[in-house]
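Chemist: First the structure, which I've put down as structure tokens, then a few questions once you've had a look.
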Amino acid sequence: MIEVVYCMRRKEGITHAQFLAHWEGVHVPIVMRNLGALCLARYERIVPLQHAYSSRVERLHHMAAPFDGVARLGWADDALMRQAFESEAALAVQRELAADEANFVDSAASSRWVAQSLVHV
């Protein structure tokens with residue numbers, strides 16, 4: 001499986017709770033309505049959790065603050081990913097998603113890349 005990993009920081013002026021609510025209530029439905037056009041085999045959202053060990057793991061004065069959320073989008077193979085980035089239907093969905101991201105994601109402070117998961121256990 002080939003993936004895009006998208007580590008997101010929220011747009012200035014919105015709380016983490018507002019970021020998560022928009023992502024869940026507005027953005028996810030766009031993705032889910034368009035799974036076919038996007039040729040997605042996987043769509044996963046990862047959100048920070050407040051835990052007893054959070055401060056030890058995050059090491060706030062030694063590391064950058066955690067991202068507000070991480071999205072992992074997966075395609076079964078390169079051909080399907082290519083279709084998701086080149087077909088007119090997929091490009092229309094990508095434009096809709098990009099317009100929505102401007103409402104809650106600080107793209108300049110975020111990062112994304114093409115990846116392959118290497119599972120060891």
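The values are calculated or read from the model by the stated rules, or taken from the named source; none is laboratory data. On a predicted model such as this, the values are computed, not experimentally measured, just so you know. In this analysis, Cβ positions are derived from the backbone assuming ideal geometry, glycine residues included, and neighbour counts consider all displayed protein chains. We work out accessible area using only protein heavy atoms, side chains counted, and drop any ligands, DNA or RNA first. Shrake-Rupley method; radii C 1.70, N 1.55, O 1.52, S 1.80 Å.
Chemist: What number, in percent, do you get for the relative contact order of the chain if the mean sequence gap of Cα pairs under 8 Å and at least 6 apart is divided by its residue count? Could you put the intermediate results ahead of the total?
Modeler: Numbers: 156 pairs, mean separation 63.8, N = 121.
Rounded, it is 53 percent for the chain.
Chemist: Per DSSP H run of at least 4 residues, take -39500 (n - 2.57); add these up for the chain, divide by its residues and hand me the 222 nm value, nearest 500 deg cm²/dmol. Don't jump to the answer; show the numbers that get you there.
Modeler: Working: 6 runs with 45 residues, N = 121.
The helix-only estimate for the chain comes to -9500 deg cm²/dmol at 222 nm.
Chemist: What FRET efficiency, computed as 1/(1 + (r/R0)^6) with R0 = 41 Å and r the Cβ-Cβ distance, is obtained for Val121 and Ile30, rounded to the nearest 0.05?
Modeler: Calculated value: 0.75.
Chemist: List the residues, sorted by chain then number, that are 5 or more residues from Ala115 or on another chain and whose placed amide H is less than 5 Å from its amide H.
Modeler: Glu3, Val4, Val5
Chemist: Just to be sure I understand, if you calculate percent of Cα pairs over 24 Å apart for this structure, which of [x] 37; [y] 16; [z] 32 do you get?
Modeler: So the structure-derived entry is [z].
Chemist: Work out from phi, with θ = phi - 60° and the Karplus expression 6.51 cos²θ - 1.76 cosθ + 1.60, the ³J(HN,Hα) of each residue of the range 48-63, listed in order in whole Hz, and give x for Gly and Pro.
Modeler: Working through the residues one at a time gives x, 10, 7, 9, 4, 9, 3, 5, 6, 6, 6, 6, 3, 8, 10, 9 Hz.
Chemist: Let me ask something else about it. Taking +1 at the Cβ of each Lys and Arg and -1 at the Cβ of each Asp and Glu, which of Val70, Ser107, Gln94 sits farthest along the dipole of the range 66-116 towards its positive end, judged by Cα position relative to the Cα centre?
Modeler: The Cα lying farthest towards the positive end belongs to Val70.
Chemist: Let me ask something additional. Send over a whole-number figure in Å² for the accessible area per residue of the range 13-121, probe 1.4 Å.
Modeler: Averaged over the residues of the range 13-121, the accessible area is 66 Å².
Chemist: While we're on this one: If I fit a long axis through the Cα atoms of helix 88-101 and take the longest principal axis of the Cα atoms of the chain, what angle between them do I get, 0 to 90°, rounded to 10?
Modeler: Rounded to the nearest ten degrees, it is 20.
Chemist: How about the range 50-121: which trypsin sites (Lys or Arg not before Pro) there lie in a loop by DSSP and see at most 12 other Cβ atoms within 10 Å?
Modeler: Arg59
Chemist: Share of the range 9-121's accessible area from carbon and sulfur, percent, 1.4 Å?
Modeler: Values: 4300 of 7600 Å².
Reported share for carbon and sulfur atoms: 56 percent.
Chemist: Another question, if that's okay. List the pair-distance distribution P(r) of the range 54-107, using every Cα-Cα distance, as the percent of pairs falling in each 5 Å bin from 0 up to the bin containing the longest distance, rounded to whole percents.
Modeler: Binned Cα distances yield the sequence 4, 14, 15, 17, 14, 12, 9, 9, 4, 0.
Chemist: Roughly how big is the chain's charge dipole about its Cα centre, with Cβ charges of +1 (Lys, Arg) and -1 (Asp, Glu), in debye to the nearest 20? Before the final figure, lay out each step's value.
Modeler: On the way: 12 positive and 14 negative charges, 71 e Å.
Computed about the Cα centre, the dipole is about 340 debye.
Chemist: Sum up the charges of everything whose Cβ sits under 14 Å from the Cβ of Lys11, counting Lys and Arg as +1 and Asp and Glu as -1, but leave Lys11 out. Write out the running numbers ahead of the final one.
Modeler: Details: positive: Arg9, Arg10; negative: Glu12, Asp68, Asp100, Glu101, Asp106.
Around Lys11, the surrounding residues sum to -3.
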